[in-house]
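The structure appears below as structure tokens.
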Amino acid sequence: MNGCWEINGIVEMMNPIASILDRYPANVIAGALATELGRRGHDLKDSLWSAKILLEQPDAIKQIHYDYFKAGADCAITASYQATIEGFAKRGLTKEEAIALIQRSVKIAIEARDEFWNDTSNRVRRSKPFVAASVGPYGAFLADGSEYRGNYGLTQKELMDFHRPRMKALIEAGAEMLACETIPCLIEAQAIAKLLKEFPAITAWVSFSGRDEKHISEGQVFADCVMQFENNAQISAIGINCTSPKYISSLIHAAKKTTNKPILVYPNSGETYDALRNDWDGHPVHESFGEQARQWFKAGARLVGGCCRTKPEDISVIASWARSGMSF
Ligand SMILES: [Zn+2]
């Protein structure tokens, strides 16, 4: 899965999700990166969020990737969610420096994965994990909460122009797939799907954020959005993330009716984000997140993990039920 190849002039797509799901019933996604950085004492009160640590303390991010692999994750999601050329330019970085920093997010995740996998004791009952490069929504760059609302007022072409340079940088740095995540609106998913055609060897997951048990954040019906991408072979999984766990089972049932693609879910802990205070309110779900995730697998999700406020311990619980009773 590390690299694409060409047979008779046809570019073969890398599809690390299919490689794992061919052998195992579930694919375990990593948990939150920024939350874990905060828990370990790093200051994230910044519009760049975890990208700030990428700039200042990349080894701290690498260690968290490693710890998620150790906890049982089949993939890392890179610290590029909020890393954009425009965002770094506001901090005085040149375009070249910004691209180098975006690429660093991929390189440290690959380093963490290789170190993990080079220790053969880590290979027991496991597939080699892969590195999914995070492509956050346009609203994450704005850092004003619109990542959970959509309604940017941009055209599809403008959204493609925004996403193109980061996507190119991530792929050139060695990303094994793209995690297009927390997408609040259909037009942005359509822009990303169209842009993927410019990078024919890469696959992506497309993951929306949801506002309730039926709709994505901007208000479109989730099942209708899912159906739009059924014939796009580069989208190797589709689903929902950074959404309250209480909506997830309904959303899975809705998606199952309109797609044959693997469904992925990695909700947040159930707390809600206050963009004005740049912090989280409320309490996490009472039931163990990792145990609750088992219900999502039973409902039909094939890729399961956690988004904001989830921890390596949550992923460890998911990995323990996901791998128990499997035949190898
Ligand atoms: Zn999240």
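By how many nm would the segment from Leu44 to Asp59 grow when fully extended, if each residue of separation counts as 0.36 nm and the alpha-carbon distance is taken off? List each step's numbers first, then the result.
Numbers: separation 15, 0.36 × 15 = 5.40 nm, distance 1.56 nm.
In short, 3.8 nm is gained.
Computed with a 1.4 Å probe on the full set of protein chains, the accessible area for Tyr66 sits at about 50 Å². Rounded to the nearest 20, the size of the Cβ-charge dipole of the chain about its Cα centre is 580 debye, with Lys and Arg at +1 and Asp and Glu at -1. With the biggest extent put first, the Cα atoms of segment 19-71 measure 40, 20, 17 Å across the principal axes. With all protein chains in place and ligands, DNA and RNA left out, the 1.4 Å accessible area ranks His163, His253, His42 as His253, His42, His163, largest first.
Computed from the C-beta positions of Thr155 and Glu198 and an R0 of 25 Å, the FRET efficiency is 0.90 to the nearest 0.05. Surface listing: Arg23, Arg294 arranged by accessible area from highest to lowest gives Arg23, Arg294, probe 1.4 Å. Taking R0 as 25 Å, what's the FRET efficiency between Lys128 and Glu12 from their Cβ-Cβ distance, rounded to 0.05? Once the sixth-power term is evaluated, E becomes 0.90. When the trypsin sites (Lys or Arg not before Pro) in segment 63-97 are filtered for DSSP coil states and for at most 16 other beta-carbon atoms within 10 Å of their beta-carbon, the remaining sites are Arg91. Got the relative contact order for the chain handy, in percent, Cα pairs under 8 Å and 6 or more residues apart? Relative contact order, the chain: 20 percent.
Of the solvent-accessible surface of segment 180-239, computed with a 1.4 Å probe and all protein chains present, 50% belongs to carbon and sulfur.
Applying 1/(1 + (r/R0)^6) with r as the Cβ-Cβ distance of Ala100 and Glu230 and R0 = 51 angstrom yields a FRET efficiency of 0.85.
In the full protein context, the chain carries 41 Å² of accessible surface per residue, based on a 1.4 Å probe and ignoring ligands, DNA and RNA. Multiplying the residue separation of Glu213 and Lys256 by 0.36 nm and subtracting their alpha-carbon distance yields 14.1 nm.
DSSP beta bridges in the chain, what fraction antiparallel, as a percent rounded to 5? Antiparallel bridges make up about 20 percent of those DSSP assigns within the chain. Using Cα-only point scatterers and the Debye equation, what is log10 of I(q)/I(0) for the chain at each q in 0.08, 0.12 Å⁻¹, rounded to two decimals? Evaluating at q = 0.08, 0.12 Å⁻¹ gives log10 I(q)/I(0) of -0.31, -0.75. Note on Glu111 and Ala89: the model spin-label points, each 7 Å out from Cα along the C-beta direction, lie 2.8 nm apart.
The values are calculated or read from the model by the stated rules, or taken from the named source; none is laboratory data. Values in this document were obtained by computation on a predicted structure and should not be read as measured data. Cβ sites come from the backbone with ideal geometry, for glycine too, and all protein chains shown count toward neighbours. With ligands, DNA and RNA removed, areas are computed over all heavy atoms of the protein, side chains included. Shrake-Rupley method; radii C 1.70, N 1.55, O 1.52, S 1.80 Å.
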